[in-house]
Amino acid sequence: MGWFWADTAPRAAVVPPADSRHKHLAGAGTPPPGCPMHKATVDAFRPPASSPTSTPSSCPIPHGNPAANAALSSCPVQHGSSGASTEQGHEQSVLSKLNPLNYMFQSISQERAPNQTYALPTSRAESSIPRGGGEGNWEYPSPQQMYNALLRKGYTDTDITAVESMVAVHNFLNEGAWAEIVEWERRFAKGLSRGWAVSRRGEENAPLELRRLEAQEGGQAQPTLIRFQGRPQEMTPKAALLQLLGRIYPAKFGTDPPFDRHDWYVSRNVNGGQKEVRYVIDFYSAPPEPTGEPVFYLDVRPAMTPTGAAERLIRWGGDVWWRASGGEVRESNHRSQQK
């Protein structure tokens, strides 16, 4: 998940639209046995024991590294050292090869891997996710790039014939995550009071309220994705709480832990200025459909900042209050009296 490269000149390939429900994502094709995305726990992302140097990660390339992030803020070349060797001037450090937007290698080879006998496509799909810099949309890796990256990370047992399905599932989940973020931005980008105006009649009436307000305002919010960070080894407080409740009340809350966690940094237009908003995404897998199609659930919400906490309280609290107070019944009775 969250595997993009910010290369220039995006291709014309289009990613299929996400499920309208977003959180229940199925039908993206059967994930392959070697795919690290469909494992039930974080431990599943660890490469085989024979790989001594691999770091556990949900994606084959490390998304987030605080130390690397700090180091990227300075130039890796020592300009002030007149005695620097010729080799130092020509040899790039590992950090200089990383893309600071996603902490991944900026270029993964499209060439066949050694001893690769099965041909993989090299075309890349353009996502529907606008880049924060305003330079088109983020792009997904090609199947060949993903396979090369998997080998680079130590996933040498990957079934090469399943890589295309893996890419399709990966792209599909990211599209669903972005669709959820866009819904949050449509609701709260213009302030908490407007968010309450949309949320006060519950989730079932929110789409109608949004369309009505956006028609009056002349359009909807258009967020962009600045950068993102994969943090599969760091469980969110909400996910940890759900795991605890699952141990106490397994019949009601019992579920596997999320198989991945991402932080996406989104640019929000606030009164003509740009504000950075962090979103947290937990990726869950669920039992497959009777037809064998995989099922995934995405828990997408703003981070627990003061503003993010207020947005979450307004959206979820408004829905709970609407249903608990019999809002639908009240409106139904009111409409009956007016007839």
Exercise for the section: Would you check if Ala215 is surrounded by fewer than 22 Cβ atoms within 10 Å (Cβ to Cβ), assigned to a loop (DSSP other than H, G, I, E, B) and among the small types (Gly, Ala, Ser)? Expected result: no
Handout entry: Residue satisfying all of: in the range 126-135; surrounded by fewer than 19 Cβ atoms within 10 Å (Cβ to Cβ) and either hydrophobic (A, V, I, L, M, F, W, C) or modelled with pLDDT of 90 or more (or both); nearest to Leu225 (Cα to Cα) among these
Key = Pro130
Fill in the blank from the handout: Subset of the range 242-267, residues surrounded by fewer than 19 Cβ atoms within 10 Å (Cβ to Cβ), charged (D, E, K, R) and at pLDDT 90 or above, comes to Arg247
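Filter the range 158-183 down to the residues that are assigned to a helix (DSSP H, G or I) and touching a helix residue (DSSP H, G or I) at 6+ places or on another chain (Cβ under 8 Å) and list them by number.
Ile160, Val163, Glu164, Met166, Val167, Val169, His170, Leu173
Look through the range 144-157, keep the residues that are of a type outside the set (Ser, Thr, Tyr) and in a loop (DSSP other than H, G, I, E, B), and return whichever of them is surrounded by the most Cβ atoms within 10 Å (Cβ to Cβ).
Lys153
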Practice task
Could you tell me whether any residue of the range 271-279 is at pLDDT 90 or above, of a type in the set (Phe, Trp, Tyr), touching a helix residue (DSSP H, G or I) at 6+ places or on another chain (Cβ under 6 Å) and in a strand (DSSP E or B)?
Solution key: yes
Handout entry: Any chance Thr305 is surrounded by 14 or more Cβ atoms within 10 Å (Cβ to Cβ) and among the hydroxyl-bearing types (Ser, Thr, Tyr)
Key = no
Completion exercise
Going through (1) part of a helix (DSSP H, G or I); (2) loosely packed, with under 15 Cβ neighbours inside 10 Å one by one, Trp196 fails only at (2)
Exercise for the section: Please indicate, with yes or no, whether at least one residue in the range 300-317 is touching an Asp or Glu at 6+ places or on another chain (Cβ under 9 Å) and modelled with pLDDT under 90. Expected result: no
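The values are calculated or read from the model by the stated rules, or taken from the named source; none is laboratory data. Note that the structure is a prediction, hence the values are computed from the model and not measured. Every residue, glycine as well, gets a Cβ built from its backbone with ideal geometry; the counts of neighbours run over all protein chains shown.
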